[in-house]
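Below: one structure in C-alpha cells.
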Amino acid sequence: MEKLVIEGGNPLEGTVQISGAKNAALPILIASILSSESLTVENVPKLRDVATTCALLTQMGLWVREAGPNAYELSAHAVPNPLAPYDLVKTMRASILVLGPLVARCGEARVSLPGGCAIGLRPVDQHIKGLQAMGAEINVEHGYLLARAKRLKGARIVLDLVTVTGTENLMMAAALAEGRTVLENAAREPEVVDLAHCLNAMGAKVIGAGTDVITIDGVERLHGARYRVMPDRIETGTFLVAAAMTGGKIKLEGTSDGSLDAVLEKLRETGATIDVSSGTMTVESRGRPKSVNVRTSPYPAFPTDMQAQFMALNTVADGTAIVTETIFENRFMHAQELKRMGADIEVEGNTAIVKGVANLDGATVMATDLRASACLVLAGLVASGETTIDRIYHLDRGYERIETKLSALGASIRRAS
Ligand code: EPU
C-alpha cells in the first residue's frame, strides 16, 4: 500500500495549477448516459473516482475513450447493461448518480445500494422519493435498487433536505421526462450549476440551477456536446489553507470565480491576505494564523468538504476555535489522528473545540476518508519531523498529483510504497 512521507516546516512559495472539479466531473461524465450521441468532457481531473466512473460506464456498454490528457469522449449509442454493481458502488458512492439517467434513458436500472461510509450513514431516500414522484417503480432486492418506468413524468418535488447528488440525479432524470419537473429545496452548489450548463449544452431545458428552485422541461432526446468542467473549489481551498498554515505565498491558477467566498472570508479572518482576480488567486500569510470558528452548511455557506482542512489549520493557530459539522454525522475521524500529532481537540457530538498548540509533531497517521487525508497532509506540512500518512488511496480519489503539486511549491513530500 502506498504512503506519503512529509518532512514538515517548509513555507510554500510558487504557482500551482488547479484541476477540474471532481464533484462536477463525475455527474457530467455520467450525463453521457442520457444521449445516444457522444459527449466530450474537458478539464477532467486524473483521479481514482474518475477511473471508477469510466469503468462503471464501460461495463454498462458505453464507449469511453481518453481524448487528451484531461479529456474523455463518451458515447452511449446503446446502454445494453443498465447496472451499477456492488463492487464499483462500494468504492465510490457517487455511482448512485447513474440511477436517474438510466431510468430516464433505458426505462430500467439496477443499482447497488451504497450503504454507510466513513463520514456518515448517507441514505439515498431523497433520490428514490424524487424518482417515484416522477412515476418510477422502485424496489430493493438483494441489496440492489431496481427501478422501472416506461417514461418518467415531470413532477413537483420538494426535497426534505438539501442534497447535492440527489438534486443532480433528479435533474438528469427530469431532462428526459415528459413535461415539467420543479425541484424545490434544491442544492445550490456550483457543481450542480456546472452539470445544468452541461445538460443545457446537450439540449436540455434546465433553468434556476444555483437557486433552490430548479425547473426542468423534459425533452425527447439530448444531443452530443463538448463541455469543460469547472475548476475544483475544494482543491483550491485546500491549497489556500496550506499556504496560510505554512506561512508562505502562492499563486493559484485556473481557479473559479465566486464559488469560494465563505472559505476566503474565513481565511482572511486567520490573517491571510488573498487577492482574487479572474481565474487566479494569490494568498500570502506570515507568522502564526489566528483561530477561526467554522460551521458547515450547504452552499453558499461554509462547505463540509473544507471542514477537516480548517481543523488542521486551527490545531496550530493562535487561540481556540469551535468547529461545527452539520452535514455529516461522523466527519471528525481526523481529530483522533491530529491528536496523535499533538493537537489539542475535544469532540462532543457534532462540535470540536480546537485549542491551537505552538507546534505539531510528525507521526504515522492513517487517512480515513478523502478530506481527512487532505487535513493530515496539511498537518504534516507544518509538523516538526517526519509524518507518514497511510492509506492514501483516499487522497488519490480526489486530489490530482497532490504530492507533485506540493513539491513544486517547496514542500518536502514523497510517495513511498
Ligand atoms: N441525505 C439524506 N438522504 C438523501 C441524500 C442525502 O439523508 O437521500 C443526507 C446525507 O446523509 C447528508 C446530507 O443529506 O447528511 C447531505 O448529503 P448530500 O446528498 O448533499 O451529499 P452527497 O451528494 O452524497 C456530495 C459530495 C460530497 C459532499 C456533499 C456535501 C459528490 C460526488 N459528493 O455528496 O463530497 O461532501 O455533497 O456537500 O458530489 C467529497 O468530495 O469529499 C465529498 C464527500
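The values are calculated or read from the model by the stated rules, or taken from the named source; none is laboratory data. The structure presented is a predicted model; accordingly, all values stated were derived computationally and were not measured. Cβ atoms come from the backbone with ideal geometry, glycine included; neighbour counts cover every protein chain shown. Areas reflect the complete protein model, heavy atoms only, side chains present, ligands, DNA and RNA absent. Shrake-Rupley method; radii C 1.70, N 1.55, O 1.52, S 1.80 Å.
Criterion first (away from the ligand (no atom under 13 Å from the Cβ), in contact (Cβ under 8 Å) with a residue 24 or more places away in the chain, crowded, with 23+ Cβ neighbours inside 10 Å and closer than 16 Å to Val103 by Cα) does Leu152 satisfy it?
yes
Report yes if some residue within the stretch 269-291 is over 19 Å from the mean Cα position of the chain (by Cα), open to solvent by less than 20 Å² (accessible area, probe 1.4 Å) and under 30 Å from Arg122 (Cβ atoms); otherwise report no.
There is no residue in the stretch 269-291 that is over 19 Å from the mean Cα position of the chain (by Cα), open to solvent by less than 20 Å² (accessible area, probe 1.4 Å) and under 30 Å from Arg122 (Cβ atoms).
Here's another thing I want to ask about it. How many residues, within the stretch 115-127, are part of a helix (DSSP H, G or I) and surrounded by fewer than 19 Cβ atoms within 10 Å (Cβ to Cβ)?
1
Kindly indicate which of Leu26, Leu12, Leu39, Leu4 is among the aliphatic types (A, V, I, L, M) and farther than 19 Å from Arg401 by Cα.
Result: Leu39 is the single residue among Leu26, Leu12, Leu39, Leu4 that is among the aliphatic types (A, V, I, L, M) and farther than 19 Å from Arg401 by Cα.
Among the residues of the stretch 322-341, write down those that are among the charged types (D, E, K, R), in contact with a helix residue (DSSP H, G or I) (Cβ under 9 Å, 6 or more places away or on another chain) and in a loop (DSSP other than H, G, I, E, B).
Residues satisfying the conditions are Glu325, Arg331.
Quickly run through the stretch 123-169 and pick out the residues that are touching a strand residue (DSSP E or B) at 6+ places or on another chain (Cβ under 8 Å) and on the phi > 0 side of the Ramachandran plot.
Gly135, Gly143
Further, regarding this structure: Name the residue that is nearest to Glu220 (Cα to Cα), counting only residues in the stretch 62-92 that are surrounded by 15 or more Cβ atoms within 10 Å (Cβ to Cβ) and out of contact with any helix residue (DSSP H, G or I) (no Cβ under 8 Å at 6 or more places or on another chain).
Of everything passing the filter in the stretch 62-92, Glu73 is nearest to Glu220 (Cα to Cα).
From Leu131, Leu145, Leu102, Leu170, which residue is within 30 Å of Val263 (Cα to Cα) and hydrophobic (A, V, I, L, M, F, W, C)?
Just a single option satisfies the conditions, and that option is Leu170.
Taking the criterion of being in a helix (DSSP H, G or I), farther than 19 Å from Leu152 by Cα and β-branched (Val, Ile, Thr), would at least one residue in the stretch 102-109 satisfy it? Break it down into steps so the answer makes sense when it comes.
Pass one, the stretch 102-109, residues in a helix (DSSP H, G or I): 102-106.
After this cut, where a residue has to be farther than 19 Å from Leu152 by Cα as well, the list is none.
Taking every residue of the stretch 102-109 in turn, none turns out to be in a helix (DSSP H, G or I), farther than 19 Å from Leu152 by Cα and β-branched (Val, Ile, Thr).
Which of the residues that make up the stretch 342-380 are surrounded by fewer than 18 Cβ atoms within 10 Å (Cβ to Cβ), of a type outside the set (A, V, I, L, M, F, W, C) and outside any strand (DSSP E or B)?
Gly349, Asn350, Asn359
If you don't mind, there's one more thing I want to ask. Out of everything in the stretch 97-114 that is surrounded by fewer than 24 Cβ atoms within 10 Å (Cβ to Cβ) and within 12 Å of the ligand (Cβ to nearest atom), what residue ends up being modelled with the highest pLDDT?
Leu113
While we're on this one: In contact with a His (Cβ under 9 Å, 6 or more places away or on another chain) and within 15 Å of the ligand (Cβ to nearest atom): is that true of Leu88 in this structure?
Numbers: in contact with a His (Cβ under 9 Å, 6 or more places away or on another chain): no; within 15 Å of the ligand (Cβ to nearest atom): yes.
No.
I would also like to ask the following. If you check Thr404, Thr387, which single one turns out to be within 17 Å of Ala242 (Cα to Cα), at pLDDT 95 or above and assigned to a strand (DSSP E or B)?
Thr387
Take the stretch 319-341 and flag every residue that is in contact with a Lys or Arg (Cβ under 7 Å, 6 or more places away or on another chain), open to solvent by 40 Å² or more (accessible area, probe 1.4 Å) and within 11 Å of the ligand (Cβ to nearest atom).
Of the stretch 319-341, the ones in contact with a Lys or Arg (Cβ under 7 Å, 6 or more places away or on another chain) are 319-320, 324-326.
Subsequent filtering for residues that are open to solvent by 40 Å² or more (accessible area, probe 1.4 Å) retains 320, 326.
Residue satisfying the conditions is Thr326 alone.
Give me the pairs: first residue in the stretch 116-129 and without any contact (Cβ under 8 Å) to a residue 24 or more places away in the chain and closer than 15 Å to Val89 by Cβ, second residue open to solvent by 70 Å² or more (accessible area, probe 1.4 Å) and within 6 Å of the ligand (Cβ to nearest atom), beta-carbon distance under 6 Å, and six or more apart or on different chains, which are they?
none
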